[in-house]
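Enquirer: Got a structure here, written out as structure tokens. Questions coming.
The values are calculated or read from the model by the stated rules, or taken from the named source; none is laboratory data. Note that the structure is a prediction, hence the values are computed from the model and not measured. Methodologically, a virtual Cβ is constructed for each residue, glycine included, from the backbone with ideal geometry; neighbour enumeration extends over all protein chains shown. Just the protein is used for accessible areas: all its heavy atoms, side chains included, with ligands, DNA and RNA removed. Shrake-Rupley method; radii C 1.70, N 1.55, O 1.52, S 1.80 Å.
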Amino acid sequence: MPQKQKLKSWSDLKQAGNERFKTGQYGEATTLYSQAIKELEKSSKKNPEDLGILYSNRAASYLKDGNCAECVKDCNMSLDLFPFNVKSLLRRAAAYEALERYRQAYIDYKTALQIDCNIAAAHDGTNRMTKALTEADGPSWREKLPPIPTVPLSVKEKLAQQNAAKTTQQNPTPQQNPTPQQNPKPQQNPTPQQNPTPQQNPKPQQNPKPQQNPTPQQNGTKQTNKSAPSDKDKKKGQALKDEGNALVKKGEHKKAIEKYTQSLKLNPTEVTTYTNRALCYLSVKQYKDAVRDCDEALMIDGGNVKALYRRAQARKELKDVEACVQDLNSLLKVEPKNTAALKLLQEVQKK
């Protein structure tokens, strides 16, 4: 009886939903979040941000179950209540991407980057959408985009204040990555991740620096013997990586490889630089080099979805079907609903 009484509180129902989510019981998590929403909506002291977080958490459960349409609806509700919530933007972007609504996904990824330019999942998502839209609509694809919302300065300032406060008083908890990045996880901490964890605080969250705090799809982080770069080298490496990203958008993959290579000399611990360079190697048909870069990325983060997928693509081109299937199966253990991996696996197995 005491347990049942306790779960009448919306916050306890939310916590119970978070626990179910952690153990992969997404259907039960959805039910508990729904109950928490009903309880909070009945409350005379409801906080819009609290309610927005509940909708965002339920959206994450829907996304994990592959129910992308409901995920979008809940993210819309969340963003109405809690404007510019980064995790809701990333979850909706991932759902739009799965639904092949690439223009809307692009807008959400770009909006998230206005809030925090260091969100790896948003950078990767923007790159994927750029490629997909270029293939679908040609060079003038940007002309067909809806307007990108302008993020108020107050949102960015609030985030900066929270980051400063976290720096002085944060007690680190186990992290899980974003992204791509693509199936966010309910939020526990005020830091958005590629697959964010269930939210406990109603404040805007900051996404970790690219691939340093892995999101849930990349929870197989391994120790490496690469020495930690200095802050100065990290900044220089990031600047070079950004230059590489800009070249990729222009289709100049060979030049981008040079920038990523220079970046890795300064910061050899940055996972996304390896996966980005691997993508370029795939584009210029240097498949063995792509495999090597993915190997490096997986030494740092053993569950990195992009590294697994790009290595599978390279191994397919190298006619190493068995290894390709192995990579795809490993990826699907992390993201069972990953449509790109499912499609590639089907193609490989037909041959």
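Enquirer: Summing +1 for each Lys or Arg and -1 for each Asp or Glu, what net charge is found among the other residues whose Cβ lies under 11 Å from the Cβ of residue 17?
Expert: Result for the neighbourhood of residue 17: +1.
Enquirer: What does the charge count near residue 40 come to, summing +1 for each Lys or Arg and -1 for each Asp or Glu among other residues with Cβ under 13 Å from its Cβ?
Expert: So the environment of residue 40 carries a net charge of +2.
Enquirer: Right, another one. Compute the Cα gyration tensor for segment 291-340, then decide on rounded, prolate or oblate, letting a ≥ b ≥ c be the square roots of its eigenvalues: rounded whenever a/c is under 1.5, prolate when a/b is larger than b/c in the other cases, and oblate in all that remain.
Expert: oblate
Enquirer: What is the spin-label model distance, in nm, from residue 135 to residue 8 if the labels are put 7 Å beyond Cα along the C-beta direction?
Expert: 5.5
Enquirer: Can you order the peptides 66-72, 131-137 by their average number of other Cβ atoms within 10 Å per residue, highest first?
Expert: 66-72, 131-137
Enquirer: So how far apart, in nm, are the two label points at residue 44 and residue 332 if each is 7 Å from Cα heading toward Cβ?
Expert: 5.5
Enquirer: On to the next question. Residue-wise, which Karplus ³J(HN,Hα) couplings in Hz belong to segment 299-309, taking 6.51 cos²θ - 1.76 cosθ + 1.60, θ = phi - 60°, and x for glycine or proline?
Expert: Taking θ as phi minus 60°, the curve returns 5, 7, 9, x, x, 5, 5, 5, 5, 5, 5 Hz for segment 299-309.
Enquirer: Collect residues whose amide H, placed 1.01 Å from N in the peptide plane, falls under 5 Å from the amide H of residue 302; neighbours closer than 5 in sequence don't count.
Expert: Amide H neighbours of residue 302: 220, 221, 222.
Enquirer: If ligands, DNA and RNA are left out, what is the accessible area of residue 348 with a 1.4 Å probe, given in Å² to the nearest 10?
Expert: Solvent-accessible area, nearest 10 Å²: 10 Å².
Enquirer: I would also like to ask the following. Roughly how big is segment 275-343's charge dipole about its Cα centre, with Cβ charges of +1 (Lys, Arg) and -1 (Asp, Glu), in debye to the nearest 20?
Expert: The calculation lands at about 240 debye.
Enquirer: Let me ask you something else. May I ask for the Kirkwood hydrodynamic radius of segment 261-351, worked out over all distinct Cα pairs and given in angstroms to one decimal?
Expert: Over segment 261-351, the inverse of the mean reciprocal pair distance is 13.0 Å.
Enquirer: Right, another one. Quick one: in segment 18-149, what % of C-alpha pairs are over 18 Å apart?
Expert: The proportion of pairs with Cα distances above 18 Å equals 56 percent.
Enquirer: Could you tell me which of rounded, prolate or oblate describes segment 14-76, using a ≥ b ≥ c as the square roots of the eigenvalues of the alpha-carbon gyration tensor, with rounded for a/c under 1.5 and, failing that, prolate when a/b is larger than b/c and oblate otherwise?
Expert: oblate
Enquirer: Another question, if that's okay. Can you pull the one-decimal nm distance between simple spin-label points at residue 283 and residue 99, each 7 Å off the Cα toward Cβ?
Expert: 2.9
Enquirer: Compute the FRET efficiency between residue 34 and residue 143 as 1/(1 + (r/R0)^6), taking r as their Cβ-Cβ distance and R0 = 45 Å, and round to the nearest 0.05.
Expert: 0.65
Enquirer: Find out how many positive minus negative residues lie around residue 105, taking Lys and Arg as positive, Asp and Glu as negative, among other residues whose Cβ is under 13 Å from that of residue 105.
Expert: Residues near residue 105 contribute +3 overall.
Enquirer: Only residues of segment 273-308 count here: report those whose backbone N is under 20 Å from the spot 7 Å along Cα→Cβ of residue 319, or say none.
Expert: Zone members listed by number: 282, 285-292.
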